[in-house]
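The values are calculated or read from the model by the stated rules, or taken from the named source; none is laboratory data. Remember, it's a predicted structure, so these values are computed and weren't measured experimentally. So basically every Cβ, Gly included, is an ideal-geometry build from the backbone, and we count neighbours across all protein chains shown. Please note that ligands, DNA and RNA were not included when accessible areas were found on the heavy atoms of the full protein model with its side chains. Shrake-Rupley method; radii C 1.70, N 1.55, O 1.52, S 1.80 Å.
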Number of protein chains: 2
Amino acid sequence: MTRLPTVEDIRGAAMRIAPHAHVTPVMTSRTIDGIAGARVFFKCENLQRVGAFKFRGACNAVLSLSDEEARRGVATHSSGNHAAALALAARIRGVAAYIVMPENAPAVKRAAVEGYGARVVSCAPTLRSREETVARVISETGAIFVPPYNDPRIIAGQGTAALELAAQVDDLDAVIAPVGGGGLLSGTAIATGSLSRARTIGAEPEAADDAARSMREGRIVPSNDPVTIADGLRTSLGELTFAVLRERGVEIVTVSEEDIVKAMRVVWERMKLVIEPSAAVPVAAVLRRLVQGARIGVIVSGGNVDLTRLPFT
Amino acid sequence: MTRLPTVEDIRGAAMRIAPHAHVTPVMTSRTIDGIAGARVFFKCENLQRVGAFKFRGACNAVLSLSDEEARRGVATHSSGNHAAALALAARIRGVAAYIVMPENAPAVKRAAVEGYGARVVSCAPTLRSREETVARVISETGAIFVPPYNDPRIIAGQGTAALELAAQVDDLDAVIAPVGGGGLLSGTAIATGSLSRARTIGAEPEAADDAARSMREGRIVPSNDPVTIADGLRTSLGELTFAVLRERGVEIVTVSEEDIVKAMRVVWERMKLVIEPSAAVPVAAVLRRLVQGARIGVIVSGGNVDLTRLPFT
């Protein structure tokens, strides 16, 4: 296995992406502090470019390529934020991007990726078809595969959000982030554990609790097509992200679907911030007081939602 | 008529409310700049306390009262942001607030006002019943009436948003704000005209274009129950706000209902900010390129919406 990324890798990523990524603001809410019984600091990656932290990792990965590699272009399969993030990162580097998307992906997501100048290749909506199609694209074009999370450059890039947060807010007791594949959470654990005394906590839906089970059992226990509104957290841990979470002793907490929607609504109504269901997962944990500490940082992972299909009733 | 407020009144208001009001951030979006053909700076009053600029004026009015006046409590009629703003301002000063609300006001709004400790008095949903009920409450309690816009202390308070904006962003060509009763727009015109070379523009729905007609005809032409999604802009200019807009030569532009919803959606989707329809009105004008200039400030008036009744399809 590749060596585990370090805080020096995250510092390197921060330098690399600085000309392109936003230093996102940290926001607070008295109402939420009251419910949580703590001071809560929201690191607003929904205000990052492409509307999600994913731009940090994709940008670091693409800018880490040698000129020779970069000329070959980059490829991935994703129907979500990683697709848009890689497309924009490739455009910034001036190289081709090939994005394999399932044919049932929302037209608006496909349009966004094409809007960044990427070539979209359709495939059947199964993991097997996605993997086969991206393999074919790579063999035809020679493009470099940029995975969504199980990659040291991606992890280092995602860790730059927590690196910034550590500089923006003093004396945190805990930092909590959502966990799907674990790229954001492992990068957060490395940055937070190296730069502060704060603990790192992962939050995931009860309905997609593979990270909690994996940490408990000491081996990767993949989710099997989990059903959760938090569409960004349906993936399972990778070898590399799992190794980081184990090494750093990261604790995982889980929340119900109902609590995810409630948390999303509180943030929209009281903070006036559009956050996606996956980003509401750690907020739900904080509102449920599952995280100990008087000062808690929350990585708000993204804000990409379909406004015509909202869960509020 | 009362003398017109000056920039010194706005500076005084800023000092008075500083311990209680947020200095709201200014946000930008490359996407919106591209559509508008200008650099657009969003002054985020949706992130102000109670979710709207209205807190500035209400807070200034309540803090301007003598101790003797304040002890009598304050009263107003409003089903919107002024109600919540006055309730919070009264709580800060530690005095009673009596808010007359139409009996068909949304339960959530009533609950918000009561949550700030105000006494809510119901009335029939007509202007006449509102005025009669507030008159009765005042005669019974001795409370001081705090009007929503046609008042020099309210205008001075609302002007503090533009005062901040002038310090936050250099070299604006224009500042645009929505116009309903004209409290925000007249305060904006005084601050902007006194502190910069920027023009002040008012934006209103075509369906509630009383300000445009009033400026054209040189007399107040009230709206008669206008139907617009911009519920904060259904009121008509008052004598004092009209006088300020005339004195400052403020230009009014109008936008369609369809453009208001489109602008609201662009801000939610691309900036991840929850803004209310009234706040989307000046954004719509900017997206339609109705405002000349390379650098345009927009006062984003508020973010209070019912998430179960959104106009997106």
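For B:His82, B:His22, give the ranking by accessible area with the largest first, probe 1.4 Å.
On the way: B:His82 5, B:His22 70 Å².
Order by accessible area, largest first: B:His22, B:His82.
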ask   = Measuring label to label, 7 Å along Cα→Cβ, what does A:Ser139 give against each other copy in nm, shortest first?
value = 9.0
ask   = What are the label-to-label distances in nm, one decimal and shortest first, from B:Arg30 to the same spot in the other copies, with labels 7 Å along Cα to Cβ?
value = 3.7
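Keeping the other protein chains in place, figure out the carbon and sulfur percent of the accessible area of the range A:51-118, with a 1.4 Å probe.
Accessible surface attributable to carbon and sulfur in the range A:51-118 totals 46 percent.
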query = What accessible area, summed over both chains, is buried at the B-A interface (1.4 Å probe, Å², nearest 100)?
reply = 1800
task = Along Cα-to-Cβ, 7 Å out, sits the label point; list in nm, shortest first, how far the one on B:Thr6 is from those in the other copies.
result = 6.5
key: chain A, helix-only ellipticity at 222 nm - DSSP H runs n ≥ 4, -39,500 (n - 2.57), divided by all residues, nearest 500   = -13500 deg cm²/dmol
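For chain A, with every protein chain kept in place, what is the accessible area per residue (1.4 Å probe, Å²)?
Ligands and nucleic acids excluded, the result is 39 Å² per residue.
Could you give the dipole magnitude of the range B:1-145 about its Cα centre, charging the beta-carbon of Lys and Arg +1 and that of Asp and Glu -1, in debye to the nearest 20? Present the calculation step by step, with values, prior to reporting the outcome.
On the way: 19 positive and 12 negative charges, 61 e Å.
I would put it at about 300 debye.
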remark   = Residue-ordered couplings for the range B:263-278, obtained by feeding phi - 60° into the Karplus form 6.51 cos²θ - 1.76 cosθ + 1.60 and rounding to whole Hz (Gly and Pro as x), are 5, 4, 5, 4, 5, 4, 6, 9, 9, 6, 10, 7, 10, 8, x, 4
query = On alpha-carbon atoms, Rg over Rh for the protein assembly as shown using Kirkwood Rh?
reply = 1.01
task = Identify, among A:Leu127, A:Leu237, B:Ala230, the residue whose Cα sits farthest towards the positive end of the charge dipole of the protein assembly as shown, taking +1 on the Cβ of Lys and Arg and -1 on the Cβ of Asp and Glu, with the dipole about the Cα centre.
result = A:Leu237
note = Going residue by residue through the range A:225-241, the Karplus relation 6.51 cos²θ - 1.76 cosθ + 1.60 with θ = phi - 60° gives ³J(HN,Hα) values, rounded to whole Hz and with x marking Gly or Pro, of 6, x, 10, 8, 5, 7, 5, x, 10, 7, 6, 10, 4, x, 4, 6, 5
inquiry  = Taking amide H atoms as placed 1.01 Å from N in the peptide plane, list the residues 5 or more away in sequence, or in a different chain, whose amide H sits under 5 Å from that of B:Thr235.
reply    = B:Gly181
Test item: Cα-centred dipole of chain B, Lys/Arg +1 and Asp/Glu -1 on Cβ, debye = 480
ask   = Considering amide H positions built from the backbone, and no H for Pro or chain starts, which residues 5 or more places from A:Ile201, or on another chain, come under 5 Å of its amide H?
value = A:Val175, A:Ile176, A:Ala177
ask   = Quick one: how many Å² of B:Asp209 are accessible to a 1.4 Å probe, rounded to 10?
value = 40
query = Is any residue of the range A:120-152 close enough, with backbone N under 19 Å, to a label point placed 7 angstrom from the Cα of A:Asp225 along the Cα-Cβ axis, and if so, which?
reply = A:123-132
ask   = Relative to the longest principal Cα axis of chain B, at what angle does helix B:7-17 sit, 0 to 90 degrees, rounded to 10?
value = 60
message = List the residues, sorted by chain then number, that are 5 or more residues from A:Ser301 or on another chain and whose placed amide H is less than 5 Å from its amide H.
response = A:Ala279
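At most 13 other Cβ atoms within 10 Å and a DSSP loop assignment: could you name the trypsin sites (Lys or Arg not before Pro) in the range B:160-233 that fit?
Taking the range B:160-233 and a limit of 13 other Cβ atoms within 10 Å, the loop trypsin sites (Lys or Arg not before Pro) found are B:Arg197, B:Arg219.
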request  = Would you give the gap between the C-alpha center of the range A:115-141 and the C-alpha center of the range B:74-115, rounded to a whole Å?
outcome  = 56
request  = With a point put 7 Å past each Cα toward its Cβ, work out how far A:Val108 is from A:Asp306 in nm, to one decimal.
outcome  = 0.8
ask   = When the dipole is taken about the Cα centre of the range B:40-82, and only Lys, Arg (+1) and Asp, Glu (-1) are charged at their Cβ, what size is it in debye, to the nearest 20?
value = 180
request  = Compute the acute angle (0 to 90°) between the alpha-carbon long axis of helix B:183-195 and the principal axis of greatest extent of the alpha-carbon atoms of chain B; round to the nearest 10°.
outcome  = 60
ask   = Once phi is turned into ³J(HN,Hα) by the Karplus curve 6.51 cos²θ - 1.76 cosθ + 1.60 with θ = phi - 60°, what whole-Hz value does each residue of the range A:152-163 show in order, with x for glycine and proline?
value = x, 6, 5, 4, 4, x, 5, x, 5, 5, 5, 4
Positive dipole terminus of the range A:55-145, leading residue within A:Ala107, A:Ala58, A:Thr141 (C-beta point charges) = A:Ala107
